[in-house]
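Enquirer: The structure follows.
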Amino acid sequence: MQKITTCLWFDGQAEEAMNHYVSIFKNSKVLSVLRWPKGHADEGKVLVTTFELDGVPFQALNGGPQFKFNEAMSQSIDCKTQEEVDYFWEKLTEGGEPGVCSWLKDKFGVSWQVVPEQLPRLLLDPDRAKAGRVMSAMMQMGKIDIAKIEEAAKG
């Protein structure tokens, strides 16, 4: 059993966000939707949802307007191909905003990193000049272009 589950705090969009994310990630599903009980001021409205994104558990809580998402916490997506990078970038920036160096914010304000597996491997290369060229190329990008970072690695 997984011991750690990410809980995302929303201001009324928990169910919408859950459905959005489940529609994007393969092997994902809604596990539960807890609504406020009869007699409560928010009767019938969603309080918390639980779901899996590609097998990883998440919760979405409608906690109110007190807290907002920021870049201090992000979800990182490991991608094998440029097609995967393009897919997740397109789906998650829809209604959101692209950032730099693989980062973006989705339409709910949640920060994501769309990272091709080649990027950390090249940044950790023992040849520090090669890694530096890759870092310089990455710093010029929003969505990572695998061909360009591999080209930068070659010099």
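The values are calculated or read from the model by the stated rules, or taken from the named source; none is laboratory data. From a predicted model like this one, the values you see are computed outputs, not experimental measurements. Reconstructed Cβ throughout: ideal geometry from the backbone, glycine too, with neighbour counts over all protein chains shown. Quick note on the areas: whole protein, heavy atoms, side chains included, nothing else; ligands and nucleic acids left out. Shrake-Rupley method; radii C 1.70, N 1.55, O 1.52, S 1.80 Å.
Enquirer: How much length is gained on full extension from residue 30 to residue 148, taking 0.36 nm per residue of separation minus their Cα-Cα distance?
Expert: Extra length from residue 30 to residue 148 when fully extended: 38.7 nm.
Enquirer: Also, I was wondering about something else. If one takes the longest principal axis of the Cα atoms in the chain, at what angle in degrees, from 0 to 90 and to the nearest 10, does the Cα axis of helix 128-139 lie?
Expert: Roughly 50 degrees, rounded to the nearest 10.
Enquirer: For the pair residue 78 and residue 43, what calculated FRET efficiency results from E = 1/(1 + (r/R0)^6), where r is the Cβ-Cβ distance and R0 = 41 Å, to the nearest 0.05?
Expert: For R0 = 41 Å, the calculated efficiency reads 0.50.
Enquirer: Give me the distance in nm between label points sitting 7 Å out from Cα along the Cα-to-Cβ direction at residue 13 and residue 86, one decimal.
Expert: 2.7
Enquirer: Give the accessible area for residue 23 in Å² (nearest 10); use a 1.4 Å probe, count only protein heavy atoms, and leave out ligands, DNA and RNA.
Expert: Here the residue's solvent-accessible area equals roughly 90 Å².
Enquirer: Rounding to the nearest 10 and keeping the result within 0 to 90°, find how far the Cα-based axis of helix 82-93 lies from the longest principal axis of the chain.
Expert: With both axes taken from Cα atoms, the answer is about 40 degrees.
Enquirer: If you count only protein heavy atoms with a 1.4 Å probe, what accessible area per residue comes out for the chain, rounded to a whole Å²?
Expert: Result: 60 Å² per residue.
Enquirer: At 0.36 nm per residue, minus the direct Cα-Cα distance, what do residue 124 and residue 3 gain on full extension? Give it in nm, one decimal, please.
Expert: Contour length minus the Cα-Cα distance gives 40.6 nm.
Enquirer: Sort 40, 20 by heavy-atom solvent-accessible area, probe 1.4 angstrom, most to least.
Expert: Largest accessible area first, the list is 40, 20.
Enquirer: Ok, one more. How much accessible surface does residue 103 have with a 1.4 Å probe, in Å² rounded to 10?
Expert: Per-residue accessible area (residue 103): approximately 80 Å².
Enquirer: Moving on to the next point. Output the pairs from 3/68; 80/154; 38/105; 26/130; 3/29 with a Cα-Cα distance over 30 Å in this structure; if there are none, say none.
Expert: Pairs exceeding the cut-off: 38/105; 26/130.
Enquirer: Quick one: with all protein chains in place, what share of the accessible area of the chain is carbon or sulfur, to the nearest percent (1.4 Å probe)?
Expert: Accessible surface attributable to carbon and sulfur in the chain totals 53 percent.
Enquirer: Which of 89, 48, 109 sits farthest toward the positive end of the charge dipole of the chain, with +1 on the Cβ of Lys and Arg and -1 on the Cβ of Asp and Glu?
Expert: 48
Enquirer: Hey, another quick one. Using unit Cβ charges (K, R positive; D, E negative) and no other charged atoms, how large, in debye to the nearest 20, is the dipole of the chain about its Cα centre?
Expert: Charge dipole, the chain, about its Cα centre: 300 debye, nearest 20.
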